[in-house]
Amino acid sequence: MRATLKNPYIYLLFVLPTIALYFLFFIYPMLTSFYYGFTNYNGLNTQDFIGLDNFVNAFQDPDFRNSILNNIYILLFSCCIQVPLIVIFSLLISNVKRLQGFYKTTVFMPSILSTSVIGILWGYIYDPDVGLINSILKSLGLEPIYFLADMKWALWSILITNAWQWMGFYIVLILAAILAIPRDIEEAAMIDGATGVQRAWYLTVPLIKPVINVVIMLSIAGALRVVDIVLVMTGGGPAGATDVMASYMVNQAIKYGDYGYGSALSIIIFAIALVLTALYQIVIVRRQEKVEY
Amino acid sequence: MHKKLVSSLAVSMAMSAFLAACGSNDGNNTSSPSASPSESASPSPSASPSESASPEKVENFTVSLRHIQIGDAQKFRKAILDDVVAKTEAEVPGLKFELDPVEDQVNRFTKLPAEMAAGNPPKIFDVFGGAGDTQKYAAAGRMLDLTPILDELGIKDKFLSGVLEPFSVDGKVYGLPIGGNTEGIFYNTELFAQYNLNPPTTWDDLIKAADTLKANDITPFAMGSSGAWVPNMLVNTLIGRVAGEKTNNGFITGEVKWNSPDVLAAYQLYADWEKAGYFSKGELGKDYDGMLNDFVAGKAGMMFDGSWRSSAFKNDAVGGAIAGKVAFVSLPAVPNGKGDQTSVNANYANGYGFSSDVNENEKKAITAFIKNLYSDEMQLRGLLEDGVLPSMKLSEASVAQVSDPVVKQVLDVLANAGASFPHFDSVVQSKVYTETETQLAKLIAGKATPQQVGDAIQKVQDAENAAAAK
């Protein structure tokens, strides 16, 4: 047995099925979609090689540019509004003396629900006729707001739903970091007369910066690949107001059968995501010093 | 030691064999039943197709059937299909249909195209005629040529003239329209009486009705634009009225341009109505069912929809609440409109197509299915029970049996029409149609002007026409 396990080929044999599956379901589709990106493949007819036409079209396509913008809005929203809120909520919950477990569970709940469930649930909350929000507005004598049908509101509605779904997950992440900070640091600050806000801003936040960085990283990645909530709630509508890159790609490829163009779009999305995360890694994370308690 | 090596080799072989088995199983599910030995005990029938069907040796086989008769509003048509299925199963020994219900839009624009791309459509499926659907799939060799079957059954001449054309390529027929419809105005007679309005049979009466309803906080037209095919129905008829009934057929030949002044005038009219607030508020978030709900609930006085909706206003149907209070008219003549102003939209675009990948047994099942579904009896039942206009010639005595008042009005509309024009969705290429939906949504949202809409669609039309000419 020992001799068998010393034979390196045996190990190769063991990983072979996995590698085969990996090639079949990951490497091969990736290479073919890369190839399709340079063709006018529509699934039915033979494809012609058309060079960079798809990519040129993509950047001239106002609808795709609009969807890139929407992704940027989502990214800004998650980094500039969502992350500060997450930190504030975490600080609040960490200072709660009673029922902390209850709050932790409550904020975490939405992230264990499936996105489809959340999309449909919030679809009802936003409903113009029977929805919760509009019922309140109506009882106050106000005009109903068509959250998912109005160009002005649709993206905001989705942003709020998306934030509701994912904030709990990040809050638990940051909460764990806060609770891991030794109590004596805080007590020392208290004895020196620091107020609660001062302690939070000058002590806790710097100490949990590495975790905040991770949260920002995950938010960026999340903002770039957000698509399920859009497809469930609006399908990219009204008139492209909530289209993100991925939903536009899905519609072009799957719904309209333009697999060549869709593949090209997916390559562009991949490139953008790669560049952004790499940039963030280089500019922010690498500069960080390691925190020592 | 060596033994161990052998045994681990054996294990990994077994594993790959297991994986391979998974793979081939998958393959069998999608290929024709005759290729899968596990499903049929007796040997493949393809060796002796013609005379082998001896009664004692019946081979069981299944045929997949994709239909779109989902939900309460479609229950009458589903009942007809169920009867045809039962009858066909009784006639063909060993046959079992596997019904696969999928929502219309999902089937037409997502599922069927993906299956066509992968080459594994159901054996029988709901399909639309025209360059974007049947003709595209037929040209790619995915659909069964029905000409021999039609000759065998002798029913080709029983179809109304021209209705097979959207389903034909080079004189061969690849699909059969199940029935026809015309798109026009349903209006709530009770609301019209309440506000002393004339039926919207002239342009002035229509506009007066819309303005009066609007002034009384009732939506003039229920509209569900979350799927842009719904408002596209009205756009289509406006184009036929304003630019003439021959316009729609001219887009693919290049004779008519989407950004020509006449077509733009139709889009402008739509934009004007939009601006005047004639359509449901929040229409971009409302779906097709939501539109019917608004109309049935009396929140809207009119609704532009296909004549197939008439079956929703029977007593026991989804729109039973306003049964007997609904009437149907075609869009009235438009002032300064071109062409024949009595022409109406008439579509015979929806029907059934069949996979080209079928064996002899499945072909027999398909032949029997066609024989039973495309019969005088079922065509008449479609008309009487579901309000679907027959796609085949029926005797006058049969048609005279129609008692539903709305269906009668639909028949009157067609009888009084000087000419008919198709919906452009069964004429233009699918990319062009897609663009009309995208652009119409922008027009409704106020993000594009009629000129921009026309220019954008024409750009795609030019590219598609050029590609087709190659």
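The values are calculated or read from the model by the stated rules, or taken from the named source; none is laboratory data. The model shown is predicted, which means the values in this text are computed figures rather than measured ones. Glycine also receives a Cβ, built like all others from the backbone with ideal geometry; neighbour counts cover every protein chain displayed.
Listed values, structure above:
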read-out	value
Residues (in a loop (DSSP other than H, G, I, E, B) and either in contact with a helix residue (DSSP H, G or I) (Cβ under 7 Å, 6 or more places away or on another chain) or assigned by TED's automatic domain parsing to the domain that holds B:Leu389 (or both)) located in region B:286-313	B:Gly298
Identity of the residue in region B:435-458, within 11 Å of another protein chain (Cβ to nearest Cβ) and charged (D, E, K, R), that ends up surrounded by the fewest Cβ atoms within 10 Å (Cβ to Cβ)	B:Lys447
Residues (surrounded by fewer than 24 Cβ atoms within 10 Å (Cβ to Cβ), touching a residue at least 60 places away in the same chain (Cβ under 8 Å) and part of a loop (DSSP other than H, G, I, E, B)) located in region A:242-268	A:Asp258
Evaluation of B:Ser398 against (1) of a type outside the set (D, E, K, R); (2) assigned to a loop (DSSP other than H, G, I, E, B); (3) surrounded by fewer than 17 Cβ atoms within 10 Å (Cβ to Cβ) (one fails), failing number	(2)
Residue in region A:136-147 that is away from chain B (no Cβ under 14 Å) and surrounded by 12 or more Cβ atoms within 10 Å (Cβ to Cβ) present	no
Positions within region B:345-361 being in contact with a helix residue (DSSP H, G or I) (Cβ under 6 Å, 6 or more places away or on another chain) and polar (S, T, N, Q), in sequence order	B:Asn345, B:Asn359, B:Asn361
Breaking point among (1) within 14 Å of chain B (Cβ to nearest Cβ); (2) in contact (Cβ under 8 Å) with a residue 40 or more places away in the chain; (3) not basic (Lys, Arg), for A:Ser219	(1)
Checking B:Ala441 against (1) part of a helix (DSSP H, G or I); (2) out of contact with any strand residue (DSSP E or B) (no Cβ under 6 Å at 6 or more places or on another chain); (3) farther than 30 Å from B:Leu284 by Cβ, the condition it does not meet	(3)
Residues located in region A:29-68, provided they are away from chain B (no Cβ under 11 Å), in contact with a strand residue (DSSP E or B) (Cβ under 7 Å, 6 or more places away or on another chain) and not hydroxyl-bearing (Ser, Thr, Tyr)	A:Phe38, A:Gln47, A:Phe49, A:Ile50
Residue count, region A:147-165 (criterion: at pLDDT 90 or above and in contact with a helix residue (DSSP H, G or I) (Cβ under 7 Å, 6 or more places away or on another chain))	9
Where A:Ile171 falls short, out of the listed (1) away from every other protein chain (no Cβ under 14 Å); (2) surrounded by 20 or more Cβ atoms within 10 Å (Cβ to Cβ); (3) in contact with an Asp or Glu (Cβ under 9 Å, 6 or more places away or on another chain)	(3)
Number of the condition not met by B:Ala323 [criteria: (1) over 20 Å from B:Lys214 (Cα atoms); (2) aliphatic (A, V, I, L, M); (3) in contact (Cβ under 8 Å) with a residue 40 or more places away in the chain]	(3)
Residue selected from region B:198-237 under the condition of a type in the set (Phe, Trp, Tyr) and under 27 Å from the mean Cα position of the chain (by Cα), by the criterion surrounded by the fewest Cβ atoms within 10 Å (Cβ to Cβ)	B:Trp229
Selection count, region A:220-239, where residues are surrounded by fewer than 24 Cβ atoms within 10 Å (Cβ to Cβ) and at positive phi	1
Enumeration of residues in region B:337-364 that are farther than 30 Å from B:Gly240 by Cα and not hydroxyl-bearing (Ser, Thr, Tyr)	B:Phe354, B:Asp357, B:Val358, B:Asn359, B:Glu360, B:Asn361, B:Glu362, B:Lys363, B:Lys364
Where a residue in region B:62-88 is crowded, with 18+ Cβ neighbours inside 10 Å and its partner, wherever it lies, is among the aromatic types (Phe, Trp, Tyr) and not in a strand (DSSP E or B), with Cβ under 7 Å and at least six apart	B:Val84/B:Phe369; B:Thr88/B:Phe369
Inter-residue pairs, beta-carbon under 7 Å, first touching a residue at least 40 places away in the same chain (Cβ under 8 Å) and in region B:404-425, second charged (D, E, K, R) and surrounded by 18 or more Cβ atoms within 10 Å (Cβ to Cβ), 6+ apart	B:Gly418/B:Asp340; B:Ala419/B:Glu245; B:Ala419/B:Asp340; B:Phe421/B:Glu245
Counted residues, region A:33-70 - those being of a type in the set (S, T, N, Q), at pLDDT 90 or above and within 27 Å of B:Ala140 (Cα to Cα)	0
Check on B:Val410, in contact with a Phe, Trp or Tyr (Cβ under 8 Å, 6 or more places away or on another chain), assigned by TED's automatic domain parsing to the domain that holds B:Lys75 and crowded, with 23+ Cβ neighbours inside 10 Å	no
Unmet requirement for B:Ala466, which otherwise passes all of (1) assigned to a helix (DSSP H, G or I); (2) of a type in the set (Gly, Ala, Ser); (3) within 10 Å of chain A (Cβ to nearest Cβ)	(3)
Condition met for A:Pro62 (under 20 Å from A:Ile216 (Cβ atoms) and without any contact (Cβ under 8 Å) to a residue 24 or more places away in the chain)	no
Check on B:Ser355, in the same structural domain as B:Ile124 (by TED's automatic domain parsing), among the small types (Gly, Ala, Ser) and touching a residue at least 24 places away in the same chain (Cβ under 8 Å)	yes
